[in-house]
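J.: I am attaching a structure below and will ask some questions about it afterwards.
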Amino acid sequence: MRSEIVVVGSLNADLVTRLERFPAPGETVTALDFAVHPGGKGANQAYAAARLGGRVAMLGCIGRDAYGERLAQSLRSAGVDVSPVHRDAEAPTGLALITLDASGENQIVVVAGANARLTPELVQAHEARIAAAAVVLLQLEVPLGVVLAAARIARDGGATVILDPAPAQPLPASLLKCVDFLTPNQSELQALTGRAVGGQAEHAARSLANGSRLRVIVKMGDAGALLVEADGQAFWPALRVEAVDATGAGDAFNAALAVALAEGRPLPEAGRLAVAAGALCVTRAGAQPSMPTRQEVETALVR
Ligand code: RIB
């Protein structure tokens with residue numbers, strides 16, 4: 001049986017400042033503190049999936065610098081196979097400039113760096129592994145051509161494809177045809193559909209799912225998550241937690257979904273695991289440092 005989860009995506013060093021409140025345009029504010037954490041949507045999903053018990057490989061691109069080595073080391077420490085991670089001699093490792101306010105909300109600016117150097121050819125070099133995966137996890141912090149190449153290989157090989165459309169950008173139909181699960185948050189759903197989401201997430205999601213095999217899972221933060229598919233829908237309510245830092249919560253969600261699906265668990269169970277993993281991630285600071293273990297997720301679900 002297939003069991004590996006292959007992540008094709010970004011690795012970033014997260015430069016995080018914590019503030020009382022976000023500055024207005026043109027305003028200067030003083031930070032409460034500063035920290036550097038391993039991050040990047042792809043790497044976070046790989047790290048989280050391994051912490052949750054998945055067998056995981058990461059395909060991405062880092063620079064030949066100290067941040068790159070630190071990111072690879074973080075993934076190794078969780079048990080991720082980083083042998084497919086390419087070290088680029090021309091570009092520095094990707095960065096994310098993150099500010100957090102007192103409620104744990106974040107604002108993120110990503111500097112792609114080496115992530116932009118990942119190519120369809122580098123993906124092609126790992127064709128057999130991607131095609132044989134149980135689940136392939138994709139996001140949009142690497143070039144769209146890379147995402148499309150990986151999604152096609154995965155679809156043709158029979159792997160389940162989960163695409164996190166973040167940061168949001170228009171998606172070609174040729175990509176959506178290769179995707180099994182699309183997991184936007186509400187603002188990404190709005191950007192993808194051009195529809196004001198508000199209380200209407202279901203309608204917007206349905207406009208993507210209707211007439212296709214695509215399942216849309218809308219990540220609704222502290223409300224939970226909504227699954228919309230051509231012939232039905234479901235809602236998985238959130239767990240109540242004390243929010244410290246929302247960074248990486250969406251990545252924890254996708255990782256848990258992938259691990260559960262790779263284990264052959266039914267979708268409702270996978271959805272509940274995903275919601276719990278996302279909620280627990282919010283209770284701690286940093287992206288990768290806040291990813292929960294399987295034990296923590298199982299315990300939270302029976303509470
Ligand atoms: O999803 C959270 C991640 O987004 C951060 O770790 C940051 O690197 C950005 O990519």
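J.: Set the Förster radius R0 to 41 Å, insert the Cβ-Cβ distance between Leu32 and Asp231 as r into 1/(1 + (r/R0)^6), and round the FRET efficiency to 0.05.
T.: 0.25
J.: Would you mind telling me the antiparallel percentage of the DSSP bridges in the stretch 1-138, rounded to 5?
T.: Percentage antiparallel, nearest 5: 40.
J.: Which GluC sites (Glu not before Pro) in the stretch 2-95 sit in a loop by DSSP (not H, G, I, E or B) and have at most 10 other Cβ atoms within 10 Å of their own Cβ?
T.: Glu20, Glu27, Glu90
J.: So what is Rg over Rh here for the stretch 157-239, counting just Cα atoms and using Kirkwood for Rh?
T.: 0.94
J.: Something else about it: Test of the criteria: in the stretch 191-235, which trypsin sites (Lys or Arg not before Pro) are in a DSSP loop and have at most 13 other Cβ atoms within 10 angstrom of their Cβ?
T.: Within the stretch 191-235, the qualifying trypsin sites (Lys or Arg not before Pro) (loop, at most 13 other Cβ atoms within 10 Å) are Arg213.
J.: Using the Cα gyration tensor of the stretch 199-267, with a ≥ b ≥ c the square roots of its eigenvalues, what is the shape: rounded (a/c below 1.5), prolate (a/b larger than b/c) or oblate (neither)?
T.: Oblate, since a/c reaches 1.5 and b/c is not below a/b.
J.: For Glu269 and Arg303, compute 0.36 nm times the residue count separating them, minus their Cα-Cα distance, and round to one decimal in nm.
T.: Taking Glu269 through Arg303 to full extension adds about 10.7 nm, to one decimal.
J.: Let me ask something else about it. So how many Å³ per residue does the convex hull of the Cα atoms of the stretch 3-149 work out to?
T.: 121
J.: Going by the alpha-carbon gyration tensor, a ≥ b ≥ c the square roots of its eigenvalues, is the chain rounded (a/c under 1.5) or, if a/c is not under 1.5, prolate (a/b greater than b/c) versus oblate?
T.: rounded
J.: Filter the trypsin sites (Lys or Arg not before Pro) in the stretch 108-182 down to the DSSP loop ones having no more than 15 other Cβ atoms within 10 Å, then list what survives.
T.: Here the trypsin sites (Lys or Arg not before Pro) that fit, given the DSSP loop and packing criteria, are Lys177.
J.: Just how much of Ser187 is accessible, in Å², when a 1.4 Å probe is used and the result is rounded to the nearest 10?
T.: 80
J.: Answer with one residue from Ser290, Ile153, Pro167: the one whose Cα lies farthest towards the positive end of the charge dipole of the chain, charges on Cβ with Lys, Arg +1 and Asp, Glu -1.
T.: Toward the positive end, the furthest listed residue is Ile153.
J.: How many percent of the accessible area of the chain is carbon or sulfur, using a 1.4 Å probe?
T.: In the chain, the share of accessible area belonging to carbon and sulfur is 53 percent.
J.: Classify the stretch 76-123 from the C-alpha gyration tensor, please: rounded if a/c falls under 1.5, else prolate or oblate depending on whether a/b exceeds b/c.
T.: It comes out oblate by the Cα gyration axes.
J.: Could you give me the percent of Cα pairs per 10 Å distance bin for the stretch 240-282, shortest bin first, beginning at zero and ending with the bin that holds the maximum distance?
T.: Values per bin, smallest distances first: 35, 47, 17, 1.
J.: Pick out the long, greasy-scoring helices in the chain: whole DSSP H runs spanning 18 Å or more along their own axis by Cα, mean Kyte-Doolittle at least 1.0.
T.: For the chain, where a helix must reach 18 Å along its axis and average at least 1.0, the hits are 144-157, 249-262, 267-282.
J.: Any chance you could run the full-extension gain for Arg284 through Leu144? It's 0.36 nm times the residue separation minus the Cα-Cα distance, nm to one decimal.
T.: Between Arg284 and Leu144, full extension yields 47.3 nm more.
J.: For Ser174 paired with Ala128, estimate the spin-label separation in nm (one decimal), with each label point 7 Å from Cα along the Cα-to-Cβ line.
T.: So the label points at Ser174 and Ala128 sit 2.7 nm apart.
The values are calculated or read from the model by the stated rules, or taken from the named source; none is laboratory data. Just so it is clear, the structure is predicted and the values come from calculations on it, not from any experiment. Glycine gets a Cβ as well: all are built from the backbone with ideal geometry, and neighbour counts include every protein chain shown. Accessible surface is based on the protein model in full, side chains and every heavy atom, while ligands, DNA and RNA are left aside. Shrake-Rupley method; radii C 1.70, N 1.55, O 1.52, S 1.80 Å.
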